[in-house]
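The values are calculated or read from the model by the stated rules, or taken from the named source; none is laboratory data. Bear in mind the structure is a predicted one, so any value in this text is a computation, not a measurement. Quick reminder, even Gly has a Cβ in these numbers, built from the backbone with ideal geometry, and neighbours come from all protein chains shown.
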Amino acid sequence: MKPMILNHPMIEHKISILRNEKTSTKEFRELISEIAMILCYEALKDASIYEYDVKTPITETKGLRVNENDYAFVPILRAGMGMVDGVLQVMPNAKIGHIGLFRNEETLEPVEYYCKLPKNIEKKTVILLDPMLATGGSGSAAITMLKKRGVKKIKFLSIISAPVGLKKIESDHPDVEIYTAKCDEKLNDNGYIVPGLGDAGDRIYGTK
């Protein structure tokens, strides 16, 4: 499935501020949250809605509502947590799960160390959150974890992606929809996205 890459002047404006090494932790965190909110709107454009009665100050009419219980947000720890506040602005009653992965230094493969998901996760549309889609290894592993637990519909949201990461998800999980704010040029020898914005987790939490 072809990834949806946002193409909007205001997104470019915000990403340029994110890239700047002098951007403060506070502003960086706020921009990650804001872009996540915009990505979430895009990802939910096919959300199913139903009618209900509404009384306006003028008359009675029909309103439309999304069943928020049909959705769950699942950040990949720890950087994915930086996107949670933004997506909750869009759908505040959605359930939240968490997936934790680390890289085995010998095999370089992602290893699960934590997974806590909402009840009936297999019946929900899961929106997976990770600001940086670099090699795609962690993202693909997280999707596999969700599928093993019965999840049928998954959407992946990232702020910055590398071409190799997008190809990895497309190849391993062609049924997963990807929404990203920007596709950058490549990865460097250390696995960082170029030009990128550095380590998103460290910049969100001010740990470097």
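Selection over region 76-89 of residues that are in contact with a Cys (Cβ under 9 Å, 6 or more places away or on another chain), surrounded by fewer than 20 Cβ atoms within 10 Å (Cβ to Cβ) and closer than 18 Å to Ile154 by Cβ gives a count of 0.
Scanning region 145-157 for residues that are buried (at least 24 other Cβ atoms within 10 Å of the Cβ) and in contact (Cβ under 8 Å) with a residue 60 or more places away in the chain, we see that the one that is nearest to Thr180 (Cα to Cα) is Leu157. Across region 4-30, the qualifying residues are those that are acidic (Asp, Glu) and more than 20 Å from Ala162 (Cβ to Cβ), and the one among them that is nearest to the chain's Cα centre (by Cα) is Glu30.
Residues being of a type in the set (Ser, Thr, Tyr) and closer than 16 Å to Arg103 by Cβ are entirely absent from region 156-179. Among the candidates Val90, Val54, Val84, Val74, the residue that is more than 15 Å from the chain's Cα centre (by Cα) and aliphatic (A, V, I, L, M) is uniquely Val54. Filtering region 90-121 to residues that are among the acidic types (Asp, Glu) and either in a strand (DSSP E or B) or surrounded by 14 or more Cβ atoms within 10 Å (Cβ to Cβ) (or both) leaves only Glu112. If only residues of region 13-33 that are assigned to a helix (DSSP H, G or I) and without any contact (Cβ under 8 Å) to a residue 12 or more places away in the chain are counted, the one that is surrounded by the most Cβ atoms within 10 Å (Cβ to Cβ) is Glu30.
Here is the figure for region 169-201: residues that are assigned to a helix (DSSP H, G or I) and modelled with pLDDT of 95 or more total 4. Whenever a residue of region 61-76 is under 23 Å from Ala200 (Cβ atoms) and at pLDDT 95 or above, its partners that are among the charged types (D, E, K, R) and crowded, with 16+ Cβ neighbours inside 10 Å, lying with C-beta atoms within less than 8 angstrom and at least six residues away or across chains, give the pairs Ala72/Lys95; Ala72/Lys124; Phe73/Lys95; Pro75/Asp130; Ile76/Asp130. Scanning region 27-72 for residues that are in contact with an Asp or Glu (Cβ under 6 Å, 6 or more places away or on another chain) and under 30 Å from His13 (Cβ atoms) yields one hit, Ser33. For region 36-57, indicate whether the set of residues that are assigned to a helix (DSSP H, G or I), over 30 Å from Ser171 (Cβ atoms) and among the charged types (D, E, K, R) is non-empty. Among the residues of region 36-57, not one is assigned to a helix (DSSP H, G or I), over 30 Å from Ser171 (Cβ atoms) and among the charged types (D, E, K, R), which makes the answer no. Only one of the numbered conditions (1) at pLDDT 95 or above; (2) over 16 Å from Glu122 (Cβ atoms); (3) outside any helix (DSSP H, G or I) is violated by Leu166, and that is (3).
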